[in-house]
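FYI, it's all coordinate maths here, none of it is from the lab. Everything numeric here is computed off the predicted structure, so don't read it as measured data. A quick note on method: Cβ atoms are made from the backbone with ideal geometry, for glycine too, and the neighbour counts reach across all protein chains shown.
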């Protein structure tokens, strides 16, 4: 139905990049002088329609379309496609993505009608203040909801009929009286205004280049049914519990004989007295005062939908132009009604996210590890809606979170196209000087940034890291080469700063349980040292990236010189006599290892011992922030400390992961639960920033890893507490399926199925002996290798052919 790249029909490629050249941006003529203070007022959303005749048999019908902020297309009354929250979010002043639909089967000879329903989305954002101070409307490219489209029909006689968006289209009111991405929707079944025709006008529209969308669309996914429904006196309404937190849409049918107002309030958790707690939900305030609805500018945002029902017919409600993060739905009615059964039926919810293709599977004999895998997958997907969001509270595309999770994303879903789109999001918002923003799209946040509009160093790291994964993991070096100018501009910007200045410009190992609060600001452990190290890590990332591309020798020499200078300065400033750095926290030690802050192998080994001993001394708790946590799973595994990692993931005492999954929730939290509820900060309960552990689960428990050179390594770790493990990973070379079973205390059966042509390294992490080896054909050019293993002396790494 929808084309997300150049669309081929009957062997011909449609020139999408030029197909909208004659169309105009149009909208309904509402008040063009509307003030921000009126943004919460009820106002029917816009529907734009065009009727036309087709005099002959239709051979082909393609429509190119973009509706901002969001749109839904109908052809002769039928909804096109199953995507929601169309359009792809980006900086609309730089790029505007449009979609292409093949609608030939929905058109007919004779009279036809196109209908496009518009909603606000990010393009007509309300002036709400996220984190109490960031009014996204002040930073984003914004405007009135508007449409541009062009339908090209080819008849059987090869006649062309072109229907473009222009002021001849008709406008009318929709039944969405209010819609906002964060807050929700107000809907009515009163259709008396549907016959009203209003004026349609052409407008300038956003300034970005019209570009074919090429990423997967946002779609409804898993269905959830209520786990518990009860009349709840503490909440003065009907409480619906879906049993777990999800991000998505709520749907229900409202009884025909009920007339009045139904309000749905959404929350992720309950207070101790059973009332809804909104603390973990949207992190912001309304920003404006709306006396008609009893809202003050400083009131915290509450996710809610309102249905105004006037007709004695069943009303089918479903979210369309927003999404909620919730476990609980509180139903309130005015006037009051009786039981749940008398009011609502067909109640359900759907998760909603970009429709990414899964590339991996994981299952073990441990229910706890299975739940951790699922929770990580759920939480990451909950926060992908055409870009990577940090969490459902803020919904911003933070670069630091992307860096921390990028490898876990690669091992979860096909991210090739989305990574390219997100890279371009950051490129669009690159500052004139070359800096990379904290978020893309840029929303005004630049905490501890290097200069105006630029983010802190760990968040600017996203630019070369995205380019690296696109070029290495997906072998798309052409894309990286195409964007070398932006990457070089960024590096030149970084090199323009003296190290004594730029070394402070970071937030360190953000999110650590050791973080403190100073002067009402969050301070990460050893923040000054970690920030300086992040500068070095960023420069090293560029060195590795540019080594594979055509970058001038002078630039590479300059970069190498600055790396040497930075490393020397950090060691002189922060290294202690015992080989530790700064105060010797877990964060500072992992940053020192990541940055290569050692002058010889002895110093490196001392750092490695310090890290292991520190974790053991602190009861096996990983106290890292988002960066350190991500790096620790790789570094500790390379040191043979898989037991340490496995014990941490399985830890039952707080702080730990498993406490995030209490009460049936299958999402991760922004902060680790601490004993006795002593968390300093209230965070999101639907935040993926600590889900990086799934990289280790794939590489060690399943035993499949893709190295930087795209080579395949099979290196299973046979965890003591596990009796079986199976999983798979789809790589560029083909799918690999691996499983192992512990037959007794000393023996295992291990098998792997992969393409016959695939090269790989096979490594055993412990001391095992191969008792028997069997290789059989599995069909379709695949083979299965079965090994009987027994605990014995260490064996050397072996390559394909002598495993």
Residue 556 to residue 749: extension gain in nm, 0.36 nm per residue of separation minus the Cα-Cα distance?
64.6 nm
If you fit an axis through the alpha-carbon atoms of helix 626-638 and take the longest principal axis of the Cα set of the chain, what angle between them do you get, 0 to 90°, nearest 10?
40
For every helix of n ≥ 4 consecutive DSSP H residues, a contribution of -39,500 (n - 2.57) applies; sum these over the chain, divide by its total residues, and give [θ] at 222 nm rounded to the nearest 500 deg cm²/dmol.
-6500 deg cm²/dmol
Could you work out the relative contact order of segment 221-354? I mean the mean sequence separation of Cα pairs under 8 Å and 6+ apart, divided by the number of residues, in percent.
44
Rel. contact order, % - alpha carbon contacts under 8 angstrom, at least six apart, segment 65-164
32
Label point 7 Å beyond Cα of residue 576 along Cβ direction - residues of segment 597-632 with amide nitrogen under 16 Å
606-618
If you average the C-alpha positions of segment 369-435 and of segment 208-263 separately, how far apart do those two centres end up, in angstrom?
24
Report the extension gain between residue 619 and residue 606 in nm, rounded to one decimal, defined as 0.36 nm multiplied by the number of residues separating them, less their alpha carbon distance.
2.7 nm
Report, in whole Å, the centroid distance computed from the Cα atoms of segment 484-538 and segment 629-674.
25
Label point at residue 257 placed 7 Å out along Cα→Cβ; residues across segment 186-219 whose backbone nitrogen lies under 13 Å:
none
List residues of segment 347-377, by number, whose backbone nitrogen lies under 19 Å from a label position 7 Å along Cα→C-beta of residue 225.
347-351
Förster radius 51 Å - calculated FRET efficiency between residue 771 and residue 342 (Cβ-Cβ, nearest 0.05):
0.15
Stretched fully, the stretch from residue 357 through residue 311 gains (0.36 nm per residue minus C-alpha distance, one decimal, in nm) 12.4 nm
Relative to the chain, whose Cα atoms define the longest principal axis, helix 553-574 and its Cα axis are tilted in degrees, nearest 10, by 70
Quick one: if the Förster radius is 51 Å, what FRET efficiency do residue 133 and residue 113 give, using the C-beta to C-beta distance and rounding to 0.05?
0.65
Order of 578, 241 from fewest to most other C-beta atoms within 10 Å?
578, 241
Could you put 633, 97, 504 in order, starting from the residue whose Cβ has the fewest other Cβ atoms within 10 Å?
504, 97, 633
Using R₀ = 51 Å, calculate the FRET efficiency as 1/(1 + (r/R₀)^6) where r is the Cβ-Cβ separation of residue 162 and residue 192; round to 0.05.
0.90
Give me the angle, in degrees from 0 to 90, between the Cα long axis of helix 586-595 and the longest principal axis of the Cα atoms of the chain, rounded to the nearest 10.
80
State, as an integer percentage, the relative contact order of the chain based on alpha-carbon contacts under 8 Å between residues 6 or more apart.
10
For 535, 646, ascending order of other Cβ atoms within 10 Å (fewest first) is 646, 535
I'd like the distance separating the alpha-carbon centroids of segment 21-95 and segment 559-613, in whole Å.
55
Two pseudo-spin positions, 7 Å from Cα along C-beta at residue 711 and at residue 209, lie apart in nanometres by 3.9
Simple spin-label estimate for residue 497/residue 33, 7 Å along Cα→Cβ, in nm, reads 4.5
If you take the square roots of the eigenvalues of the alpha-carbon gyration tensor of segment 294-359 and sort them as a ≥ b ≥ c, do you get rounded (a/c under 1.5), prolate (a/b over b/c) or oblate?
oblate
